[in-house]
Amino acid sequence: MTDHLTDHMTVPTTSLAPPDEAVGPLIRGLSVLRHLAAAGGRRSVSDLVRDVGLARSTVDRVLSTLAALGYARLDGQEAVLTPRVMELGNAYLAASRLPDVLGPPADRLADELDESVSLAVPDHDGVRFVHQAPRRRTMSVTFRAGDLIPAERAAPGALFAADWSHDDWLRWRDRRASDPGGPSFPIPLPRNDKAVASFEERAAEARRDGWALDDQMIEPGLVAVAMPVHDGARRPACAVSVVSHTTRHSARSLRESVVARLRSAVADMERTLASAEPAHRRPAAEAVRMRALKHELGPDFVESLARGLHVLTAFGPAGGGSAGGSALTALAQASGLARATVRRSLITLEHLGYVEALEGRLFRLTPRVLDFGFAALSRLTLPQIARRHLVWLTTQVHDSASMAVLAGDDIQYVARVAASRIMSMDITVGTRFPAYATSMGRVLLSGLPPAGRAAVVRRSRLSPLTSRTVTSPERLAALLDQAAQDGHVLVDQELEDGLRAIAVPVRDLAGNVVAAINVSMHADRRTEEEARAQVLPPLRTAAARIEADLHVAGRYLPISAG
Ligand code: PHB
């Protein structure tokens with residue numbers, strides 16, 4: 001599932017001519033971004049030039065602009081999307097209110113039923129997942145927020161198609177004709193002709209019943225039942241699905257056993273959605289930042305691309321985050337951009353299908369915004385996020401940098417960037433050491449609640465690994481308290497003679513310590529004071545950069561530490 005985005009996949013585009021007021025550079029910039037995302041978030045610039053069919057100089061300027069905004073970078077000959085680009089998808093998810101408002105009840109329902117529960121929205125003739133509460137089971141497919149699959153393959157698709165117009169059905173049939181296997185969708189699913197043949201009938205049944213079943217349309221064994229959740233205006237806002245496996249349920253027995261509970265959960269969700277407060281406003285300093293970038297990059301900065309992307313993010317909490325849509329005035333205020341600029345951006349975004357105009361002069365983001373890198377990067381892990389920041393760190397300190405997480409009472413390395421200097425220890429990803437004798441271990445233990453910290457100290461056999469290893473439980477407990485206060489740990493030759501290391505925590509959005517990073521060095525290289533003075537500042541900078549990426553990527557997705 002990680003490299004499911006293949007080279008040959010097509011990127012749907014609108015075939016209609018742009019309206020007069022549409023902004024050309026924004027159209028071209030978004031095309032580059034979309035193609036880079038469709039290639040999995042990494043593509044050689046020359047291939048990208050071929051994909052998008054634009055001049056090399058245009059693609060270069062767009063990439064410079066995306067890099068200046070922190071959304072992409074160049075890695076040799078390749079353009080790479082960075083986790084920060086996920087803030088565009090986050091803006092849609094925030095504005096839709098769905099994960100924020102309905103995620104918690106979906107999670108509770110999953111706990112109660114002990115089955116996976118997901119939320120999905122219609123996206124043209126596809127089903128787009130916006131929240132997932134998975135149970136760990138032996139299922140080969142798990143969709144994540146951002147994933148898009150053909151409507152005919154999942155239970156929510158039949159529900160959404162129940163409202164399709166004649167034209168929608170024509171478009172669906174066209175797509176089936178031009179794309180019988182569904183490869184224009186980023187996630188390859190085994191072909192299923194039965195799901196296609198029965199789709200119109202299932203849509204009619206869904207209209208009649210108010211629920212829809214998936215009897216192994218995605219893969220053998222996987223069954224699901226879905227029900228629509230309506231917004232205050234009685235339009236379907238999303239569908240909630242309960243997903244199980246034929247080892248526990250047939251599609252029919254799943255429906256029989258959960259439909260009543262699902263119905264009451266949906267009624268609660270509809271009440272919650274109707275009474276949800278709009279998201280809080282966040283003032284935007286972006287307009288100022290954009291002027292500075294324009295100044296810095298000169299003609300390489302495609303200002304109308306930057307502004308268009310900024311308008312997208314203004315829909316999030318800043319634009320009032322209302323699922324009912326945002327007004328031009330609110331978006332201009334939230335973005336700090338002129339009304340006329342916002343208006344032309346909106347016209348362009350609407351033409352491309354990323355914004356829809358509602359009645360009452362309101363605008364709303366569409367789930368298609370998740371194609372700007374959110375879906376492509378949705379499977380990023382914490383070590384993948386950390387890696388380039390650890391590389392940067394080693395260039396600053398010329399010593400090895402690592403990331404580790406707690407595994408029981410041990411630490412386990414999940415990322416390591418070795419400096420060229422040869423160390424006596426051969427540490428690779430997966431290596432474990434006892435937490436009590438390591439800098440990262442003490443950082444991780446100091447991040448535990450006091451009771452958990454005390455339990456590890458009590459449990460661990462504090463054996464002396466060198467003559468310096470702290471083996472007294474009282475002393476270790478005091479060091480962990482100190483670590484919590486200091487926000488860093490220096491361990492001097494307690495794991496191995498001659499090895500000194502300094503570590504800091506990496507925290508998630510909620511402030512929990514989810515990993516530690518360190519720099520390890522030979523004890524001869526620096527005194528303890530020098531290590532603190534020279535290594536701690538760049539170490540803290542690297543941690544802050546990892547956290548910044550993690551907080552964007554992890555806003556709506558659980559980020560795995562392994
Ligand atoms: C899922 O959330 O993984 C899911 C939902 C509905 C389906 C199949 C899978 O029909």
Worksheet, complete the sentence: Ratio for region 32-79, C-alpha Rg to 2.2 N^0.38 Å, reads 0.97
Response to the item:
For His488, His551, the accessible-area ranking with a 1.4 Å probe, largest leading, is His551, His488
Discussion item. With angles folded into 0 to 90 degrees, how steeply does helix 251-275 sit against the dominant principal axis of the chain? Use alpha carbons for both and round to 10.
Written reply: 90
Item to complete: Sort largest first and round to whole Å: the equivalent ellipsoid semi-axes of region 313-422, each the square root of five times a Cα gyration tensor eigenvalue.
Response: 44, 16, 13
Response to the item:
SASA check, Asp209, accessible area w/ 1.4 Å probe, all protein chains in place, rounded to nearest 10 Å², comes out at 50
Discussion item. Suppose accessible area is computed on protein heavy atoms with a 1.4 Å probe; arrange His249, His522 from highest to lowest.
Written reply: His522, His249
Practice prompt. Could you check how much of the accessible area of region 382-553 is carbon and sulfur, as a whole percent, using a 1.4 Å probe?
Written response: 50
Response to the item:
In nanometres, the difference between 0.36 nm per residue of separation and the alpha-carbon distance of Ser560 and Arg261 is 104.6 nm
Item to complete: Between the alpha-carbon centers of region 289-364 and region 365-394, tell me the distance in whole angstrom.
Response: 23
Discussion item. In Å², and per residue, what accessible area does region 443-483 have when probed at 1.4 Å with the other protein chains present?
Written reply: 57
Worksheet entry | Local electrostatic count at Val417 - Lys and Arg +1, Asp and Glu -1, tallied over other residues with Cβ under 11 Å | +2
Worksheet item: Of the heavy-atom accessible surface of region 104-275 (probe 1.4 angstrom), what whole percent is carbon and sulfur?
Response: 51
Discussion item. Averaging the inverse of every distinct alpha carbon separation and then flipping it gives the Kirkwood radius. What is it for region 474-562, in angstrom units?
Written reply: 14.3
Response to the item:
The helix 450-459 Cα axis meets the longest alpha-carbon principal axis of the chain at an angle in degrees, between 0 and 90 and rounded to 10, of 50
Worksheet item: How are the C-alpha pair distances of region 104-275 spread across 5 Å bins, as whole percents from the shortest bin up?
Response: 1, 9, 18, 24, 22, 14, 8, 3, 0
Discussion item. Starting from the 7 Å offset along Cα-to-Cβ, what nm value, one decimal, do you get for the label separation of Leu462 and Val288?
Written reply: 5.0
Worksheet item: Can you put Asp179, Asp524, Asp371 in order of accessible area, largest first, using a 1.4 Å probe?
Response: Asp524, Asp371, Asp179
Item to complete: Starting from the Cα gyration tensor of region 382-553, multiply each eigenvalue by 5, take the square root, and state the resulting semi-axes largest first in whole Å.
Response: 22, 20, 14
Worksheet item: Once the Cα atoms of region 363-442 are picked out, what are the Rg and Dmax in Å?
Response: 17.2, 61
Worksheet, complete the sentence: Computed for the chain: size of charge dipole around the Cα centre, +1 on C-beta of each Lys and Arg, -1 on C-beta of each Asp and Glu, debye to nearest 20, value 460
Item to complete: When you have a sec, figure out the Kirkwood radius of the chain from all distinct Cα pair distances and drop it here in Å to one decimal?
Response: 25.6
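The values are calculated or read from the model by the stated rules, or taken from the named source; none is laboratory data. None of the values given here were measured: they were computed from a predicted structure. Please note: Cβ atoms are built from the backbone with ideal geometry, for glycine as well, and neighbour counts cover all protein chains shown. Only protein heavy atoms, including side chains, enter the accessible area calculation; ligands, DNA and RNA are left aside. Shrake-Rupley method; radii C 1.70, N 1.55, O 1.52, S 1.80 Å.
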